[in-house]
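The values are calculated or read from the model by the stated rules, or taken from the named source; none is laboratory data. Only a predicted model underlies this, so the values are computations on that prediction, with no experimental measurement involved. Here Cβ is always computed from backbone atoms with ideal geometry, including for glycine, and neighbour counts include all displayed protein chains. For accessibility, only protein heavy atoms count, side chains too; no ligands or nucleic acids. Shrake-Rupley method; radii C 1.70, N 1.55, O 1.52, S 1.80 Å.
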Amino acid sequence: MDTLRVRDAKDVEEIVRAAIASEQPLEIVGHGTKRAIGQPMATNAVLDVSALNAVSAYEPNELIITVQAGTPLADVQSLIDSKNQQFAFEPIDTSALTGVSGNGTIGGMIGSGLAGPRRIKAGGARDHLLGAHAVSGFGDSFKTGGRVVKNVTGYDLCKLLTGSWGTLAVMTEVTLKVMPRPESERTLVLSGLDDVAANRAMTTALGSPFDVSGAAHLPNSAFRPATGALADIASQGRAVTLLRLEGIAASVANRATSLGKTLAPFGSVEMLEDAASATLWSAVRDVEPFAASGALGAWPVWRIVCPPASGGALGQALARETGGDVIYDWGGGLIWAALPPKPDALAAMVRQRVEAAGGHASLIRASEETRRNVDVFHPQSGGIAALSERVRHSFDPKIILNRGRMVRVSAS
């Protein structure tokens with residue numbers, strides 16, 4: 001396979017135009033940590049943007065940073081952490097889940113659009129992307145958005161690029177909003193609740209005036225890991241419900257006490273503070289109980305988004321009917337489901353249950369053979385699929401960029 005490495009946006013333009021002329025689709029790669037997510041692509045050429053790795057500008061006082069798309073995410077996080085700042089949407093590190101080690105890039109973070117537990121409060125990656133430079137499937141560079149929050153020129157194009165998995169354009173540089181890191185955090189832990197009761201507890205907490213920034217539930221499970229950040233609180237597979245509060249130390253302490261009283265009908269409350277709490281939520285964010293190196297490493301993993309009120313019943317039904325395991329985030333609005341290995345990853349059953357609950361499901365981890373025969377991303381209805389096709393055609397009419405990544409070629 002030919003690997004085409006670029007030095008700047010002009011190189012990207014030339015490579016895309018050459019690919020159009022030869023009708024050769026390109027696979028867009030930064031560090032390749034997410035290549036195992038999505039439909040397998042048939043291409044003989046890789047466009048490698050990893051050399052686009054400079055921090056163009058960082059203005060901590062203005063809460064913005066501009067970086068090239070191939071910049072390692074960990075390096076950027078280390079830089080903004082030195083100024084006591086963060087990406088509020090908590091980008092996921094997929095390496096534990098997929099078993100593909102490496103350092104993901106800023107471009108991969110935006111292209112996948114995967115956000116962590118604070119999504120329910122702070123929004124997702126698309127809500128923090130202020131502007132971007134990119135090269136379309138015509139081989140032309142374009143700019144969307146700006147470098148300040150109030151400049152919204154072409155802002156909606158940023159939203160389209162987020163979560164497009166490289167199928168619309170090759171991003172070369174992005175400008176992101178950063179936020180101050182909380183001074184303190186505490187996690188309230190409830191034990192022994194079933195999925196539906198935990199769903200009610202999380203809904204109660206999120207509906208309270210105490211500004212909850214994370215709400216997750218790990219059901220009683222025989223598969224719960226014996227080591228790691230979750231081992232101590234979920235010992236012997238006991239069910240735990242986690243609720244996070246962040247902010248100024250005095251405020252967090254006061255809100256934690258008040259929320260504990262509100263949750264008293266659901267049982268006694270334990271408390272974790274600061275470093276212990278942060279480590280716990282990193283494990284939830286990265287779905288560590290379903291790590292590729294763990295007991296369920298060979299099992300397909302689904303990412304299910306549904307109305308939070310339906311989450312408890314839906315997850316409980318999936319676990320009961322399949323013998324699988326589930327984890328809830330976003331107050332029940334996000335379900336991670338590890339299901340016993342089957343050739344089709346139980347896709348028909350999963351999507352039937354999920355659609356009945358008003359949600360959608362993506363197959364995040366599965367073998368290449370399974371991903372070749374199953375729709376990885378939830379099939380769109382006729383009208384939405386037609387709209388998506390018109391959008392894609394306006395960016396990349398020859399389907400040069402990541403052809404077949406989001407929709408199976410045989411089904412398109």
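What the table below lists for this structure:
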item: Matching residues, segment 361-385, being open to solvent by 70 Å² or more (accessible area, probe 1.4 Å) and more than 20 Å from Thr98 (Cβ to Cβ); result: Gln380, Ile384
item: Residue in segment 31-48 that is assigned to a strand (DSSP E or B) and β-branched (Val, Ile, Thr) present; result: yes
item: Hits in segment 111-144 - residues which are of a type outside the set (Gly, Ala, Ser), over 28 Å from Thr187 (Cα atoms) and touching a Gly at 6+ places or on another chain (Cβ under 8 Å); result: Leu129, Leu130, Lys143, Thr144
item: Arg244, sole failed condition from (1) in contact with a Pro (Cβ under 9 Å, 6 or more places away or on another chain); (2) among the basic types (Lys, Arg); (3) open to solvent by 30 Å² or more (accessible area, probe 1.4 Å); result: (3)
item: Filtered residues of segment 108-137 (kept if within 11 Å of the chain's Cα centre (by Cα) and at positive phi); result: Gly113
item: Segment 292-320 - residue that is touching a Pro at 6+ places or on another chain (Cβ under 8 Å) and either without any contact (Cβ under 8 Å) to a residue 12 or more places away in the chain or farther than 22 Å from His360 by Cβ (or both) and, of those, surrounded by the fewest Cβ atoms within 10 Å (Cβ to Cβ); result: Ala298
item: When residues of segment 330-346 are limited to those that are more than 20 Å from the chain's Cα centre (by Cα) and open to solvent by less than 30 Å² (accessible area, probe 1.4 Å), the one farthest from Phe377 (Cα to Cα); result: Pro340
item: Checking Ala57 against (1) surrounded by 16 or more Cβ atoms within 10 Å (Cβ to Cβ); (2) out of contact with any Pro (no Cβ under 7 Å at 6 or more places or on another chain); (3) not in a helix (DSSP H, G or I), the condition it does not meet; result: (1)
item: Hits in segment 122-147 (condition: modelled with pLDDT of 95 or more, open to solvent by 50 Å² or more (accessible area, probe 1.4 Å) and more than 15 Å from Ala69 (Cα to Cα)); result: Phe138, Asp140
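Okay, residues lined up against (1) under 23 Å from Arg118 (Cα atoms); (2) charged (D, E, K, R); (3) in contact with a Cys (Cβ under 9 Å, 6 or more places away or on another chain); (4) not in a loop (DSSP other than H, G, I, E, B):
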{"residue": "Gly358", "(1), (2), (3), (4)": "yes, no, yes, no"}
{"residue": "Ile364", "(1), (2), (3), (4)": "yes, no, no, yes"}
{"residue": "Ile384", "(1), (2), (3), (4)": "no, no, no, yes"}
{"residue": "Arg390", "(1), (2), (3), (4)": "no, yes, no, yes"}
